[in-house]
Amino acid sequence: MEKTNNNLRLILREKILSMIYLVSNLLDGKNTKDKKINKSKYLTLKEIIEMKKSGIMDFGSHTKSPPNLFNISLEEANEEIIGSKKQLEKILGIPITNFSYPYGGFSTFSQEHIEILKKLGYKTAVINVGGTNSKNTNLYLLRRICIGKNHSKYVVEVFISGLLHKLIGVWK
């Protein structure tokens, strides 16, 4: 058991990047008229560049504004998705190939949106449904594990191992 725990720690330390999905028009909390958005909670460009340089963070797109894709036209959705990709690639100087659906429930996007992502070169997309994935999971419907600042390293290890989800039967 100790050898397994040491292997997991090694993987956590050396192999797993954290992913941050950025709303490109809201970098620095700018470009929003939505009074519900707390602009001070958004990362600054300086912080984002610092994280990129650290080598432990990866970045994906979360559209430009972010709309519920199901509530806008396919043309508007395409502009939100491609616009965000282009903005982030210009700022970060890296290809953006990961996407997070705004709001992320199954009723917030469609197969047409998945086809837009594929056409634009996205390799993965995550939904806002907790759980783990298997080798058979659709790469445009990846479940995710949200880890908060109050989670201990031991809780993170359990989340990443998939043990918790297997024990409670969330994902088979």
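The values are calculated or read from the model by the stated rules, or taken from the named source; none is laboratory data. Owing to the predicted nature of the structure, the values given are computational and were not obtained by experimental measurement. Every residue, glycine among them, receives a Cβ derived from its backbone with ideal geometry; neighbour counts consider all protein chains shown.
Strands (runs of 3 or more DSSP E) fully within segment 46-133 that include at least 2 residues being polar (S, T, N, Q): 98-100, 124-130.
Screening GLU157 with (1) loosely packed, with under 12 Cβ neighbours inside 10 Å; (2) of a type outside the set (S, T, N, Q); (3) more than 14 Å from the chain's Cα centre (by Cα); (4) at pLDDT below 90 gives one miss only, at (1). Within segment 113-134, residues that are over 17 Å from LEU22 (Cα atoms) and at pLDDT below 95 reach no partner that is of a type in the set (D, E, K, R) and assigned to a loop (DSSP other than H, G, I, E, B) with beta carbons closer than 6 Å at six or more positions or on different chains. Within segment 92-119, the set of residues being surrounded by fewer than 20 Cβ atoms within 10 Å (Cβ to Cβ), of a type in the set (A, V, I, L, M) and in contact with a Ser or Thr (Cβ under 8 Å, 6 or more places away or on another chain) is empty.
Of the residues making up segment 98-118, those that are of a type outside the set (Asp, Glu) and touching a helix residue (DSSP H, G or I) at 6+ places or on another chain (Cβ under 9 Å) are PHE99, TYR101, PRO102, TYR103, SER107, THR108, PHE109, SER110, HIS113, ILE116, LEU117.
Restricting segment 160-172 to residues that are in a helix (DSSP H, G or I) and within 27 Å of PHE99 (Cβ to Cβ), the residue that is modelled with the lowest pLDDT is HIS165.
Inside segment 115-142, residues that are more than 15 Å from GLY60 (Cα to Cα) and not hydrophobic (A, V, I, L, M, F, W, C) make up a count of 11. If you go through segment 54-77 and keep only what is under 13 Å from GLU112 (Cα atoms), touching a residue at least 40 places away in the same chain (Cβ under 8 Å) and crowded, with 16+ Cβ neighbours inside 10 Å, you end up with LEU69, PHE70. Determine whether LEU163 is of a type in the set (A, V, I, L, M) and either within 20 Å of ILE20 (Cα to Cα) or in contact with a His (Cβ under 8 Å, 6 or more places away or on another chain) (or both). Spelling it out, it is not the case that LEU163 is of a type in the set (A, V, I, L, M) and either within 20 Å of ILE20 (Cα to Cα) or in contact with a His (Cβ under 8 Å, 6 or more places away or on another chain) (or both).
State whether one or more residues within segment 89-99 are more than 30 Å from LEU45 (Cβ to Cβ) and without any contact (Cβ under 8 Å) to a residue 60 or more places away in the chain. No - not one qualifying residue is present in segment 89-99. Residues in segment 29-64 that are modelled with pLDDT of 65 or more, touching a helix residue (DSSP H, G or I) at 6+ places or on another chain (Cβ under 6 Å) and more than 24 Å from ALA125 (Cβ to Cβ): 2 in all.
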